[in-house]
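The values are calculated or read from the model by the stated rules, or taken from the named source; none is laboratory data. Computed from a predicted structure; not experimentally measured. Here the Cβ positions follow ideal geometry from the backbone for every residue, glycine too, while neighbour counts run over all protein chains shown. These accessible areas exclude ligands, DNA and RNA; they are computed on the full protein's heavy atoms, side chains included. Shrake-Rupley method; radii C 1.70, N 1.55, O 1.52, S 1.80 Å.
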Amino acid sequence: MLTDEDAYSVLRSRDGRFDGRFFVAVVTTGIYCRPSCPAALPKRRNVRFYPSSAAALEAGFRACKRCRPDTTPGSPEWNVRADVVGRAMQLIADGLVDREGVAGLAARLGYSERQLHRQLTADLGAGPQALARAQRAANARTLLETTDLPASEIAFVAGFSTIRQFNDTMRKVYGTTPTALRGARSTGRPPGALRLRLAYRPPLDLTALFAFLAARAIPGLEDATADCYRRPLNLPHGLGLVTLRPADSYVSCELHLEDLKDLSAAVRRCRRLLDLDADPRDITDHLTRDPLLAPAVAAGQGRRVPGHVDAAEMAVRAILNEETINGRALLTQLVRSCGTPLSQPLPPVDPAALGSVTHAFPRMEALANADAPAPLIVLARALLTGVLHLGPGADRDRSERELLALPGVSAEAVSRIRMRALGDPDVFLPSDPAVREGLRRLGLTAKHARRWRPWRSYAMQHLSTTFTKP
């Protein structure tokens, strides 16, 4: 935790690694910024610090037009924290409040609305409704800047209940009207076609990430090369198609959505896939304390832990063992037999944009009654009946217990699910061939990995990608 004096020192240094960790508000201008904002340094007595953009908005400040604090990477805290606040932030980012309201968020977390509001306010300076409102404003701005949809339609797509609420919020957050924010330009793109820039904290080894995804790509479901990753998304309101590409200082994200209300969920899942909210500085500082691992960490600057766009799909892939050729063959057959065909492309998608993608991954409703291996049928039915909980905001320990109780689900599969589907940064798999080889090269045993807590998932990436191919 940073003190206000520490935060002011960060502001003075314009350290972009702290963007998203806290926000800086200037009382003389009424504006809040990211710590790396290039504007003139304000005097210390005129500065206030807030743990979230929503808290700054609630205090009456509006977003800086120069540094655009609403586009910063998310706080890396939510990757590490497994408490109710961390889980709530993941669910809010996934758009749950817009779909089910604060009552639905509280119910999903097992808390009363009052308890949840109190905990979020204590940690983030704002309650769930304010946090969701800040996200709606950011989504609306994205839609205004990347589509030709009428502003009145964007208001409801972004999650606002009335046009008046939309206009008032945009004035409060950005100090201007939606029409003025868009300007007179036209994108020339059909509704549903979005091109976004996904920010991250450098360094980021996108080469290793894309190689990892390409090595495990399922034909028909994923189109993966060294510089492009494309796949369909099963989203709350319908299907989507995402194409991710490396860029100079961001990840280029092209989204086609059947329903633009899925924007929050789609962006959140893409960020989780590439682990874009991680802070490599914290991880590197900790892992390099071990002199035996330090050379591997130094050789692999910017390594991340690949996540996944769908927790249920990742569970299926782990159970069938996507790490093996036979496992990927079974997954390919499963996608072809039970997946949703894309022969009728998404309405806004040019068929040529699909590349070699032909199917979306089977939904659990299809798997529950499919001619599939018994463990998959049990898994699908457990998810549908609520016996098993996965996805954004899931309690990792509870999910692990529920998974281990299912017949045919191995402990190694559960660990992979915990790491890639639930974002646990502290998983270690000594039985993984690449990790085992990395340990052997360093002359270490699995017990040595205890020194790398709470970042063992990242240590595995350094072990496996430094000494073996992805």
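Taking LEU143, is it open to solvent by less than 20 Å² (accessible area, probe 1.4 Å), touching a Gly at 6+ places or on another chain (Cβ under 8 Å) and touching a residue at least 60 places away in the same chain (Cβ under 8 Å)? The answer is no for LEU143.
Considering every residue within segment 172-187, establish whether at least one is at pLDDT below 95, of a type in the set (Phe, Trp, Tyr) and farther than 30 Å from THR465 by Cβ. There is at least one residue in segment 172-187 that is at pLDDT below 95, of a type in the set (Phe, Trp, Tyr) and farther than 30 Å from THR465 by Cβ. Residues that are outside any helix (DSSP H, G or I), of a type in the set (A, V, I, L, M, F, W, C) and closer than 21 Å to SER264 by Cβ within segment 65-84 are absent altogether.
I'd like to check something: does segment 117-138 contain any residue that is open to solvent by 20 Å² or more (accessible area, probe 1.4 Å), under 19 Å from ALA59 (Cβ atoms), touching a Pro at 6+ places or on another chain (Cβ under 9 Å) and in a loop (DSSP other than H, G, I, E, B)? There is at least one residue in segment 117-138 that is open to solvent by 20 Å² or more (accessible area, probe 1.4 Å), under 19 Å from ALA59 (Cβ atoms), touching a Pro at 6+ places or on another chain (Cβ under 9 Å) and in a loop (DSSP other than H, G, I, E, B). Filtered by the rule that a residue be out of contact with any helix residue (DSSP H, G or I) (no Cβ under 8 Å at 6 or more places or on another chain) and either among the hydroxyl-bearing types (Ser, Thr, Tyr) or within 26 Å of LEU196 (Cα to Cα) (or both), segment 108-155 gives THR121, THR146, ASP148, PRO150, GLU153.
Scanning segment 165-176 finds one or more residues that are over 21 Å from the mean Cα position of the chain (by Cα) and assigned to a loop (DSSP other than H, G, I, E, B). Just to be sure I understand, how many residues within segment 259-312 are more than 15 Å from PRO425 (Cβ to Cβ) and surrounded by fewer than 18 Cβ atoms within 10 Å (Cβ to Cβ)? Here the count works out to 12.
In a residue-by-residue description of segment 390-397, the property of being over 27 Å from SER464 (Cα atoms), out of contact with any helix residue (DSSP H, G or I) (no Cβ under 9 Å at 6 or more places or on another chain) and surrounded by fewer than 21 Cβ atoms within 10 Å (Cβ to Cβ) applies to no position.
Suppose the filter is open to solvent by 10 Å² or more (accessible area, probe 1.4 Å), of a type in the set (A, V, I, L, M) and assigned to a helix (DSSP H, G or I); does ALA103 pass it? Judged against the criteria, ALA103 is a match. GLY159 meets each of the listed conditions (1) under 20 Å from the mean Cα position of the chain (by Cα); (2) modelled with pLDDT under 95; (3) at negative phi apart from (3). Within the span defined as segment 445-452, every residue fails to be at pLDDT 95 or above, open to solvent by less than 20 Å² (accessible area, probe 1.4 Å) and within 20 Å of ALA315 (Cα to Cα). Summed over segment 306-321, the residues that are touching a Phe, Trp or Tyr at 6+ places or on another chain (Cβ under 7 Å) and either without any contact (Cβ under 8 Å) to a residue 12 or more places away in the chain or farther than 22 Å from TYR458 by Cβ (or both) give a count of 2.
Note on segment 35-48: residues that are in contact with a helix residue (DSSP H, G or I) (Cβ under 9 Å, 6 or more places away or on another chain) and open to solvent by 40 Å² or more (accessible area, probe 1.4 Å) amount to 3. Mind checking whether some residue in segment 428-437 is under 20 Å from ARG269 (Cα atoms) and touching a Phe, Trp or Tyr at 6+ places or on another chain (Cβ under 8 Å)? No: zero hits.
When restricted to residues that are open to solvent by less than 70 Å² (accessible area, probe 1.4 Å) and assigned to a helix (DSSP H, G or I), segment 377-389 contains 6. Can you find a residue that is more than 23 Å from ARG99 (Cα to Cα), in a loop (DSSP other than H, G, I, E, B) and in contact (Cβ under 8 Å) with a residue 12 or more places away in the chain anywhere in segment 229-246? Checking segment 229-246: not a single residue is more than 23 Å from ARG99 (Cα to Cα), in a loop (DSSP other than H, G, I, E, B) and in contact (Cβ under 8 Å) with a residue 12 or more places away in the chain. A single entry from ARG87, ARG62 fulfils the requirement of being closer than 21 Å to ALA265 by Cα and buried (at least 18 other Cβ atoms within 10 Å of the Cβ): ARG87.
Residue by residue, here is whether (1) open to solvent by 20 Å² or more (accessible area, probe 1.4 Å); (2) of a type in the set (Phe, Trp, Tyr); (3) outside any helix (DSSP H, G or I); (4) at pLDDT below 95 holds:
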| position | (1), (2), (3), (4) |
| --- | --- |
| ILE417 | no, no, no, no |
| PHE428 | yes, yes, yes, no |
| SER431 | yes, no, yes, yes |
| GLU437 | yes, no, no, yes |
| ARG441 | yes, no, no, yes |
| TYR458 | no, yes, no, no |
| THR466 | yes, no, no, yes |
| PRO470 | yes, no, yes, yes |
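For ARG108, indicate whether it is open to solvent by 50 Å² or more (accessible area, probe 1.4 Å), touching a Pro at 6+ places or on another chain (Cβ under 7 Å) and at pLDDT below 95. So ARG108 does not fit the description; no. Screening ASN321 on (1) open to solvent by 10 Å² or more (accessible area, probe 1.4 Å); (2) on the phi > 0 side of the Ramachandran plot; (3) in contact with a Pro (Cβ under 6 Å, 6 or more places away or on another chain) shows it passes everything except condition (3).
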